[in-house]
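Every number here is computed from the coordinates shown, using simple stated rules; none is lab data. In this text, all values refer to a predicted model and were calculated from it rather than measured experimentally. Here the Cβ is made from the backbone with ideal geometry for all residues, glycine too, and neighbour counts use every protein chain on show.
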Ligand SMILES: Cc1cc2nc3c(=O)[nH]c(=O)nc-3n(C[C@H](O)[C@H](O)[C@H](O)COP(=O)(O)O)c2cc1C
């Protein structure tokens, strides 16, 4: 039975464990170019023991960014920086992964610490946003949405393919399409955002056409030996929105079109979801487990899995193949090493680079003085023996 530290093989790629740093947008790029900060963030988590490491969502077009300071891959000039990041992640023993995305009608924002708001199209940092229909995000944002023509949809699919080719050139070995969180893919699938009456709207099959054609376009350039995955907005938590049953059927259709793994997340197509899932422990796990069981496809998920015992149990129970950590990976670059100690792994140091492991094994420091708290199980044993 696999646990959190068991290797995981998908196509020709083997992760050293089941722990991934989930993509996290940082609003620190310039003209789409990543910099030393992004490379530090990814490289340090790879050195900290994560098996799969994503930088933030990488936009396929300039208007696919969340803010003007988000990273992109719409130009060959973006390849060099991303290649440095991918190489460092790989040198540290993790698999470099890339999440390609387009924010659709949710783009043109300012960084969240300036207030979560959309900027008008004529703002120097803003742009006119595009989506499946002319419905603004949540039905409440003040700026109009340009409804994509069929030609523009095809152009976007070509942009996904061009981005995938650049990602391959940059050395990434795992590709995820970001079709969750209210972004372009998620809004095509959601009846809240997609009011189209053509082949891309209406029935589930039609609303999923955007996804299926994107998979086809990307697979044409992304080698069969490398994983092609999708973060799917699978539940709008809204009675008028996308229902999870439809997402199970959608993943089954995408599996037939070459999807290798489903990373389940929320639709986030409005702000008024109920219940709000932000603080619930293991909030997405039962849904991920259902997709894994009913569709027979490997699954990943995030959302409050940062307690080591919970992360380990969802893998052991066969609910989830990969645990995606967002906020825990921000707060602790060595989360896997810490979790290994918490879970009484026989050799926690095996999770860090070999030279660090040598120093840490051989310098015989006092065990309480190496910069991490005593594991919960040891602290409990100590209390009992007092
Ligand atoms: C700062 C920040 C930025 C994020 N940016 C992205 C992103 O670019 N792409 C994405 O799919 N999810 C993004 N997320 C969501 C995370 O990947 C993750 O799914 C979420 O934080 C839940 O996992 P957690 O409970 O481990 O934090 C972001 C989350 C945070 C905290």
The chain - share of DSSP beta bridges that are antiparallel (%, nearest 5): 15 percent
Computed lengthening from residue 199 to residue 87, 0.36 nm per intervening residue step minus Cα-Cα distance: 36.2 nm
Residue with peak Gaussian network fluctuation, the chain [Cα springs, cutoff 10 Å], from 261, 330, 177: 330
Nitroxide proxy distance, nm - points 7 Å out along Cα→Cβ at residue 114 and residue 1: 5.1 nm
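For segment 110-217, take the alpha-carbon Rg, divide it by the Kirkwood Rh, and send me Rg/Rh.
Here Rg/Rh amounts to 0.99.
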The chain: angle of helix 285-295 to the longest principal axis, Cα-based, in degrees nearest 10: 70 degrees
C-alpha long axis of helix 209-219 to longest principal axis of the chain, angle in °: 60 degrees
Neighbour-count ranking [beta-carbon atoms within 10 angstrom, fewest first] of 349, 356: 356, 349
In degrees, nearest ten, helix 36-47 long axis to first principal axis of the chain (Cα): 50 degrees
D_trans [Stokes-Einstein, Kirkwood Rh over alpha-carbon pairs] for segment 1-82, 4 °C, 1.567 mPa s, µm² s⁻¹: 94 µm²/s
Estimated 222 nm signal from helices in the chain, with DSSP H stretches of n ≥ 4 weighted -39500 (n - 2.57), rounded to 500: -10000 deg cm²/dmol
Hypothetical label at residue 206: residues of segment 126-148 whose amide nitrogen lies under 17 Å (7 Å Cα-Cβ projection): 132-135, 147-148
The chain, relative contact order [Cα under 8 Å, separation at least 6], %: 16 percent
Separation of alpha-carbon centers, segment 254-286 and segment 97-114, rounded to whole Å: 17 Å
Candidates 190, 265, 331: whichever shows maximal mean-square fluctuation once the chain is modelled as a Gaussian network with Cα springs under 10 Å: 331
Rounded Å value of the spacing that divides the Cα centres of segment 142-176 and segment 11-46: 20 Å
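Where Rh is the Kirkwood radius over the Cα pairs of segment 108-155, the temperature 10 °C and the viscosity 1.306 mPa s, what D in µm²/s does Stokes-Einstein return?
Translational diffusion coefficient: 136 µm²/s.
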Residues in segment 1-34 that a label on residue 309 would reach, taking backbone N under 16 Å of a point 7 Å out along Cα→Cβ: 4
Shape metrics for segment 12-143, restricted to C-alpha atoms - Rg then Dmax, Å: 16.0, 47
Additional length obtainable on full extension of the chain from residue 245 to residue 31, 0.36 nm per residue less Cα span: 73.1 nm
Percent breakdown of C-alpha pair distances by 10 Å bin, ordered from the shortest bin, for segment 237-375: 10, 33, 29, 17, 9, 2, 0
Choice from 170, 357, 86 showing the highest fluctuation, given a GNM over the chain with Cα pairs closer than 10 Å: 357
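Dividing the Cα convex hull volume of segment 164-237 by residue count, how many Å³ per residue is that?
93 Å³
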Where only alpha carbons of segment 165-321 are counted, the Rg and the Dmax (Å): 15.5, 48
Convex hull (Cα only) mean projected area of segment 187-227, reported in nm² to one decimal: 3.2 nm²
Neighbour-count order for 19, 370, 310, 73, fewest beta carbons within 10 angstrom listed first: 370, 310, 73, 19
Kirkwood-based Rg to Rh ratio, the chain, C-alpha trace: 0.98
Relative packing of peptides 233-245, 215-227 - highest average C-beta neighbours within 10 Å first: 233-245, 215-227
Which of 200, 183 has the fewest Cβ neighbours within 10 Å, and the rest in rising order: 200, 183
Viscosity 1.306 mPa s, 10 °C: Kirkwood-radius Stokes-Einstein D of segment 260-327 over Cα pairs, µm²/s: 129 µm²/s
